[in-house]
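Here is the structure we will look at, set down as structure tokens.
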Amino acid sequence: MSTEKIRVLCLDIEGGYGGSSRSLFESIAHLDPVDIDAEIWCKRPGPIQGRYNAIGVPVHVTPSMPKVSSLSRLSRNLYVYGLFIFDWFRSYSFRQSLMKAADKFDVVHFNHEALFLLASWLKPRTKAALSMHVRTNLYGTLFCRWQTRSIVNTLDHLVFITENERRSVSDYSGLDAGGTVIFNIVQPNDALPNDKVPNDGRFKVACLSNYAWIRGLDLIIDLAKILRANDRRDIQFVFAGNMRLTGSLPDKLREIASAGGTLEDYAHKSGVSDWCLFLGHVPEPERVLAACDALIKPTREANPWGRDIQEGLAAAKPVISIGSYNKFIEDRVTGVMTKSFDAGQIARRICELADDRGLAKQLGAAGRKRILKLCDGPSRADDLLEVWRKIAIK
């Protein structure tokens, strides 16, 4: 294998406001400049640009970078792809710049599957090899099947954050996805506590996600109702993120969303404001974790392996989630995991942790040990570098 320095252009859609962006940064930061010349183009301005500047990696903000990803409902797909058509025409200058720049690099890395149509357009227009990170599980709709087939047929190599994403791409495309599974890098979390989280002795359960129906954040309100019914005032949920209600929602959620409301409004109308603390967007979510005793993600997709879960484990906090994939969360070993959402059962398990803080710390310590082994920075960055070397122009 060649050990010559390779040149990699990475396209990032989040600018530091999401897990995919932070994960890419950790990979680049752990690579030796002797091995790689990296350049980053970000669709959004954000905190990640300052972090790249601090390590001497060139970074540019390119807001006209076109992106789109398939959704679960036909009507929503027609809507997002309709908008994308306009974005595509407006991106002409960006695409011309990308085409000219690409041939200066050995590899162009698309850091999210939402860039699949841009990758398909660039493929016949450059000599550079193309790689892509697949970071989410798509749905089994016609649009998603088309997207996964395009991804498999276009990219020279795919990188998956777990085995689950590789399996779903293979299943939905009907093709062998191949590629490489590389867990996201997660750093030890020893941040100072966020001072907006009161140190009042209550057992604090953090939630570090922007609101989306599939993420199940509204289910936390159901847990709070049970705690209220049992007069468990010693437990509080701490929400960090944008809680604006979006999408097609049922019943009371839909009424609040139509009035421009948020999950905080839903908690208030449900009578559980005392059990919920809403911080809004927080630039350093690790400080929220440091101020809390556990992390919860009651995902409706049963996918207990996102970056917030990994960061919770790295912060030595027991993690509470839904699903059966136990590579990271193992029930009663590193946290609490149930196969489906049962509010009564999960509320009881949270109360167990609140009543036995020693147990919570024991689960958290086991979770940190596990995640730092699986998501070790130098090792996982070397895995990604090996992928790029294999496909780089010789």
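The values are calculated or read from the model by the stated rules, or taken from the named source; none is laboratory data. Note that this is a predicted model, so its numbers are computed, not measured. Here the Cβ is made from the backbone with ideal geometry for all residues, glycine too, and neighbour counts use every protein chain on show. To get the accessible areas, we keep the full protein, side chains included, count just its heavy atoms, and leave off ligands, DNA and RNA. Shrake-Rupley method; radii C 1.70, N 1.55, O 1.52, S 1.80 Å.
Sorted on the mean count of surrounding Cβ atoms within 10 Å across their residues, most packed first, peptides 54-61, 160-167, 224-231 read 160-167, 224-231, 54-61. Packing here is the average count of other Cβ atoms within 10 Å per residue, and on that basis the peptides 252-263, 31-42, highest first, run 31-42, 252-263. With the alpha-carbon atoms of the range 1-65 aligned to their principal axes, the span from lowest to highest coordinate is 35, 20, 19 Å, starting with the largest.
What percentage of the solvent-accessible surface of the range 1-79, computed with a 1.4 Å probe over protein heavy atoms, is contributed by carbon and sulfur atoms? Roughly 53 percent, rounded to a whole number. Once both axes come from the Cα atoms, what is the angle between helix 357-374 and the longest principal axis of the chain, in degrees from 0 to 90, rounded to 10? Helix 357-374 sits roughly 10 degrees off the main axis of the chain.
Using only the alpha carbon atoms of the range 121-223, find the Kirkwood hydrodynamic radius as the inverse mean reciprocal pair distance, in angstroms to one decimal.
17.2
Legend: Rg and Dmax of the range 55-111, from Cα coordinates, 14.5, 44 Å. If you take all other residues with their beta carbon under 12 Å from the beta carbon of residue 388, and give Lys and Arg +1 and Asp and Glu -1, the sum is -4. Across all directions, the shadow cast by the convex hull of the range 1-110 built on its C-alpha atoms averages 8.2 square nanometres. Size descriptors for the range 164-258, from the alpha-carbon set: Rg then Dmax equal 18.9, 54 Å. Computed from point charges on the beta carbon alone (+1 for Lys and Arg, -1 for Asp and Glu), the dipole magnitude for the range 1-101 about its Cα centre is near 560 Debye.
Using the C-alpha gyration tensor of the range 186-241, what are the square roots of 5 times its eigenvalues, in whole angstrom, with the largest one first?
Largest first, the range 186-241 gives 22, 18, 8 Å.
Using only the alpha-carbon atoms, how far is helix 343-355 inclined from the longest principal axis of the chain? Give it as 0 to 90 degrees, nearest 10. Long axis of 343-355 versus the principal axis of the chain: about 80 degrees. The portion of the accessible surface of the range 278-394 made up by carbon and sulfur, rounded to a whole percent, is 46 (1.4 Å probe; DNA, RNA and ligands excluded).
Between 0 and 90 degrees, the angle of helix 74-90 with respect to the longest Cα principal axis of the chain falls at about 40 degrees. Around residue 265, with a cut-off of 11 angstrom between Cβ atoms, what is the net charge of the other residues, counting Lys and Arg +1 and Asp and Glu -1? Summing Lys and Arg as +1 and Asp and Glu as -1 gives +1. Here residue 88 sits with roughly 50 square angstrom of accessible surface, probe radius 1.4 Å.
Computed log10 I(q)/I(0) for the range 283-338 at 0.23, 0.26, 0.30 Å⁻¹: -0.80, -0.99, -1.24, from the Debye equation with unit scatterers placed on every C-alpha and solvent omitted.
Give me the number: length gained by fully extending residue 34 to residue 170, i.e. 0.36 nm times residue separation minus the C-alpha to C-alpha distance, one decimal in nm.
Result for the pair: 45.4 nm of gain on full extension.
Here, P(r) means the percent of Cα pairs in each 10 Å bin from 0 to the largest distance; for the range 246-394 it is 10, 30, 33, 17, 7, 2, 0.
Heavy-atom accessible surface of the range 176-234, averaged per residue, reaches 47 Å², computed with a 1.4 Å probe.
The equivalent ellipsoid that matches the C-alpha gyration tensor of the range 111-176 spans semi-axes of 19, 13, 10 angstrom, in descending order. If you bin all the Cα-Cα distances of the range 313-394 at 10 Å, starting from zero, the percentages per bin are 18, 37, 23, 14, 7, 2, 0. The alpha carbons of the range 207-306 stretch over 35, 32, 25 Å along the principal axes, in descending order. Only Lys, Arg, Asp and Glu carry charge here, each on its Cβ (+1 for the first two, -1 for the last two); on that basis the chain has a dipole of about 720 debye about its Cα centre.
Using every alpha carbon pair in the chain, what percent of pairs falls into each 10 Å bin from 0 up to the bin containing the largest distance? Bin by bin from 0 Å, the calculated values are 5, 22, 32, 25, 13, 3, 0.
Past the 13 angstrom mark, what percentage of all C-alpha to C-alpha distances in the range 173-215 do you count?
Result for the distance tail: 79 percent.
Tell me, what does the Kirkwood hydrodynamic radius of the range 67-168 come to in angstroms if you use every pair of distinct C-alpha atoms? Answer for the range 67-168: a Kirkwood hydrodynamic radius of 14.3 Å. Taking every protein chain into account, the accessible area of the range 237-354 amounts to 39 square angstrom per residue (probe 1.4 Å).
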